[in-house]
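Enquirer: Before we start, here is the structure in question, set down as structure tokens.
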Amino acid sequence: MPCARLASCWGGRVLPLLLAYVCYLLLGATVFQLLEKQAEAQSRDQFQVEKLRFLENYTCLDQRALEQFVQVIMEAWVKGVNPKGNSTNPSNWDFGSSFFFAGTVVTTIGYGNLSPSTEAGQVFCVFYALVGIPLNVVFLNHLGTGLRAHLATLERWEDQPRRSQLLQVLGLALFLILGTLVVLIFPPMAFSRVEGWSFGEGFYFAFITLSTIGFGDYVVGTDPSKRYISVYRSLAAVWILLGLAWLALVLSLGPLLLHRCSQLWLNGRGLNLKDRTAPDPQGLPRPQKMPISA
């Protein structure tokens, strides 16, 4: 019996979901390859052309010396040192940047542009993540639950008049829209202004960050040519935590809002049908119109 139930569950639910999952991955791989492979080849060719041009302008260098210099640049980049600028660039490990890094660790974003380079820092990062990631999950769950507790009246709305139900749904929709503007629209506008990005790039950074994908191609506070306020990256870390909590709340209340809207629509249709078939006020059925035959 247990084997039969397991086979039935695998064939009825798990297998179709697995096939859909694999097909979705294959679709993503195909689309990304079509969109990005040609651009990558162009960038690679352009880089080789620039290296040859550099060697032609500086004949004292040979190919091997240039490759060694490029290797030094790559190692510096991996360790979080921006090759642009000079030694006066802001530190990646001041308190504000360290606070931002700690936030990316516990939220599992991990941009990849900065990581501990010392053995002690790597060991501490492991144990810090082991405690911080569960703590972050518990914090976000409790924060989302606390926010939803203020909207508990929606759970008991069946006993309320239809007008009150409609006002509550509109209020919830307005609350979610305004919160989304505060979390997903206004911060990208601020990041775009400070970092010199377009709004599309700022929104892309916000989504990639709050979805915890964290590619690392766009990171705030890393341009050495700009002068940031000391708490800039700390404020970005606070925005990340609040944004993750907001997304958890939206994922929780979004289906509830859609369910309430569908109930209101169905109830409205039911009232309209009742009005069409309602009896005469004196208790007699309304006369039906008879078609006039030719």
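The values are calculated or read from the model by the stated rules, or taken from the named source; none is laboratory data. Since the model is a prediction, treat every value here as computed from it, not as a measurement. Note: ideal-geometry Cβ built from the backbone for every residue, glycine included; neighbour counts use all protein chains shown. Note: accessible area is taken over every heavy atom of the protein model, side chains too, but ligands, DNA and RNA are not part of it. Shrake-Rupley method; radii C 1.70, N 1.55, O 1.52, S 1.80 Å.
Enquirer: Would you check if there is a residue in segment 105-121 being surrounded by fewer than 11 Cβ atoms within 10 Å (Cβ to Cβ) and in a helix (DSSP H, G or I)?
Expert: Of segment 105-121, the ones surrounded by fewer than 11 Cβ atoms within 10 Å (Cβ to Cβ) are 118-120.
Now narrow it down to the ones that are in a helix (DSSP H, G or I): 119-120.
Yes, some residue in segment 105-121 is surrounded by fewer than 11 Cβ atoms within 10 Å (Cβ to Cβ) and in a helix (DSSP H, G or I).
Enquirer: Tell me, which residue of segment 135-178 that is among the polar types (S, T, N, Q) and touching a helix residue (DSSP H, G or I) at 6+ places or on another chain (Cβ under 8 Å) is modelled with the lowest pLDDT? Spell out the reasoning first.
Expert: Keep residues of segment 135-178 that are among the polar types (S, T, N, Q), which gives 136, 141, 145, 153, 160, 164-165, 168.
Checking the rest, the ones that are also touching a helix residue (DSSP H, G or I) at 6+ places or on another chain (Cβ under 8 Å) come to 136, 141, 153, 160, 164-165, 168.
Numbers: N136: 88, N141: 79, T153: 54, Q160: 65, S164: 73, Q165: 71, Q168: 75.
This residue is T153.
Enquirer: Identify all residues within segment 190-207 that are in contact (Cβ under 8 Å) with a residue 24 or more places away in the chain and aliphatic (A, V, I, L, M); write none if there are none.
Expert: Step one: of segment 190-207, the residues in contact (Cβ under 8 Å) with a residue 24 or more places away in the chain are 191, 194-196, 206.
Within segment 190-207, V194, A206 meet the criteria.
Enquirer: Mind checking which pairs have a first residue in segment 214-233 that is of a type in the set (K, R) and a second that is open to solvent by less than 60 Å² (accessible area, probe 1.4 Å), Cβ under 7 Å, 6 or more apart or different chains?
Expert: Filtered contacts from segment 214-233: R233/G96; R233/S97; R233/F100; R233/V220; R233/G221.
Enquirer: Could you tell me which of the residues E36, E56 is surrounded by 10 or more Cβ atoms within 10 Å (Cβ to Cβ) and acidic (D, E)?
Expert: Numbers: E56 fails: surrounded by 10 or more Cβ atoms within 10 Å (Cβ to Cβ).
None of the others qualify; the one that does is E36.
Enquirer: Here's another thing I want to ask about it. State which residue is least open to solvent (accessible area, probe 1.4 Å) when the search covers only segment 179-231 and only residues that are of a type outside the set (V, I, T), modelled with pLDDT under 90 and more than 18 Å from the chain's Cα centre (by Cα).
Expert: Per the criteria, the residue is G221.
Enquirer: Among the residues of segment 239-262, which ones are farther than 11 Å from L210 by Cβ, open to solvent by 40 Å² or more (accessible area, probe 1.4 Å) and in contact with a helix residue (DSSP H, G or I) (Cβ under 8 Å, 6 or more places away or on another chain)? Don't jump to the end; show me each part of the working.
Expert: Let us first name the residues in segment 239-262 that are farther than 11 Å from L210 by Cβ, namely 249, 251-262.
Now restrict to residues that are open to solvent by 40 Å² or more (accessible area, probe 1.4 Å): 251-252, 255, 258-259, 261-262.
Selection gives S252, C261.
Enquirer: Please enumerate the residues belonging to segment 99-134 that are of a type in the set (V, I, T) and over 21 Å from T222 (Cβ atoms).
Expert: Residues satisfying the conditions are V123, V126, V131, I133.
Enquirer: Only one residue in P90, P116 is more than 30 Å from L172 (Cα to Cα) and at pLDDT below 85, so which one is that? Steps first, answer last, please.
Expert: On the way: P116 fails: at pLDDT below 85.
One residue alone meets the criteria, P90.
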